[in-house]
1. Which residue, of 145, 92, 195, 179, is out of contact with any Leu (no Cβ under 8 Å at 6 or more places or on another chain), in contact (Cβ under 8 Å) with a residue 60 or more places away in the chain and crowded, with 22+ Cβ neighbours inside 10 Å?
2. Which condition number in (1) touching a Ser or Thr at 6+ places or on another chain (Cβ under 9 Å); (2) under 18 Å from residue 388 (Cβ atoms) is the one that residue 288 fails?
3. Scan region 321-337 residue by residue and report those that are within 12 Å of the ligand (Cβ to nearest atom) and closer than 29 Å to residue 439 by Cβ.
4. For region 236-282, give me each residue that is assigned to a loop (DSSP other than H, G, I, E, B) and without any contact (Cβ under 8 Å) to a residue 24 or more places away in the chain.
5. In region 141-232, which helices (runs of 4 or more DSSP H) lie fully inside it and hold 3 or more residues that are farther than 30 Å from residue 283 by Cβ?
6. Please count how many residues of region 209-234 are within 15 Å of residue 249 (Cβ to Cβ) and either modelled with pLDDT under 95 or not polar (S, T, N, Q) (or both).
7. Would you check if residue 70 is at pLDDT 95 or above and among the charged types (D, E, K, R)?
8. Could you figure out which of (1) within 25 Å of residue 314 (Cβ to Cβ); (2) within 16 Å of the ligand (Cβ to nearest atom) isn't true of residue 252?
Amino acid sequence: MNKKKKYRSELPPARLAAIDALSACLFKGQDIQAALDAALTSIASGRTPDPRDAGLATELVYGYLRLRLRLDFVLDSQLKAPKKTPKLMRLALGLAAFEILNLDRVPSYASVDWCVDFVKRDINPRLAGVSNAVLRGVDRLGAEANSHDFYRQDDADRDTFLSRYYACPAWLVKLWRKAYGERKTVALLRASTKAPALGLRFDFRKDGARESYDALRENELCKESTPVGLAFQAPCPECLEAEAAGFAVRQSLAGQQALFELGAEDWARPVWDACSGRGGKTLLLHAIGGGPIYASDPSEKRLSGLRALLEAKGISDITTAVASADEGQVFDQRFPCVLVDAPCSGLGVLSRRPDAKARRSKKDITELAKLQAKILDNAWNALEPGGSLIYVTCTITPQENEMQVDTFLRRTPGAKLLSRFRTPEDTPLGEFFFGARFEKSAG
Ligand SMILES: C[S@@+](CC[C@H](N)C(=O)[O-])C[C@H]1O[C@@H](n2cnc3c(N)ncnc32)[C@H](O)[C@@H]1O
């Protein structure tokens, strides 16, 4: 039997799934959640994966991605030839270093063992000794590797220090410091290194859901609420029960807050949700104000997810269409309210989508800002006089947020800014949304 195959089957399942998912994400550009789902299905040979393996693999993958640049700096301090290290070996070492420095319940020797065996059997036997030495070195560093001083020992400038310590690409640190200043940047960076709050949205049409919401709001782990949602510092058994009973589904509370802050409870119907995706916000709007709602998205896959939900819930007053919203008329009518939950760089939700740190570049922001501007202009054309256009992003860049709003107002006669919202920097939710509400003059 091929040695490589033999060892892969011996690698602890959660580590195997984590390495496969991270390789697919970082080396082949796949979406991390899709890659993790595929890896977990594969280790369970197509069956439902063991929940403990799935839980550990998820913690490893997301924890590693949140701290990847910091872990790389730690590895570089221990490697004699960092640039010559094969990328799969660096990934395995980084994952093991993450366990050693951040997971108290995993003994260091266990992390060293699986990683050294993996390097020996799956990468190159001659690199096993180096791997062992590097990980022992990381273990000796201990708490020092999580201290500020470790990342500025070479008199690194402030941007470099922040980039290393908070594991964030230097271009983004620079952009945030210039646009938003020191305090806000550090708050954003700090949030990006931690898991976000668990957000739930309740479906009060389900018997028992209201009681579950009321009881859970009193739970000590509950951090914030909206009229239909709650956020928890960490998943508690009662929240998981509420999900299992069908009372609630996961949905970012920061995203819910943005809609409520922009007056979602009063938006006139019918609403056109022009970037509906799988319909998280479409269903929230339906829950608080009913239909009719028109939902469209260019992604057939995402929209079919929404259609399946509508069928399962027996909702008939949401009409769907696969369509881009950046040009032409999608539905054959005008609307008193249009929601543009825009495609964006996602830099406000790095805690939930840490793969964006590796995938996004400065150039993407310019491209996305152009697309957002086109969608805004086209949505404006579909708006009735006196109607409201709502613009929402889950990112933090001036080009996609404040500047986007300002330039839209400048080039659009009859547009008035009614309100603007930004998730406060001291939010306990770990995620940041931006939104604006425009009104079209009635004349
Ligand atoms: C932030 S996500 C929307 C999330 C969704 N509203 C929800 O709450 O679940 C942005 C969406 O914009 C869609 N999109 C990308 N390009 C678009 C375009 N040209 N016109 C309309 N939507 C677009 C993406 O497919 C994606 O589903």
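1. 92
2. It fails just one condition, (1).
3. If the condition is that a residue be within 12 Å of the ligand (Cβ to nearest atom) and closer than 29 Å to residue 439 by Cβ, then 321, 323, 324, 325, 326, 327, 328, 330 are the ones that fit.
4. 236
5. In region 141-232, 158-165, 170-192 are the helices (runs of 4 or more DSSP H) which contain 3 or more residues that are farther than 30 Å from residue 283 by Cβ.
6. The number of residues fulfilling the criteria is 8.
7. yes
8. So the condition that residue 252 fails would be (1).
The values are calculated or read from the model by the stated rules, or taken from the named source; none is laboratory data. Keep in mind the model is a prediction, meaning the values are calculated, not measured. Cβ coordinates were reconstructed from backbone atoms using ideal geometry, including for glycine residues, and neighbour counts include every protein chain displayed.
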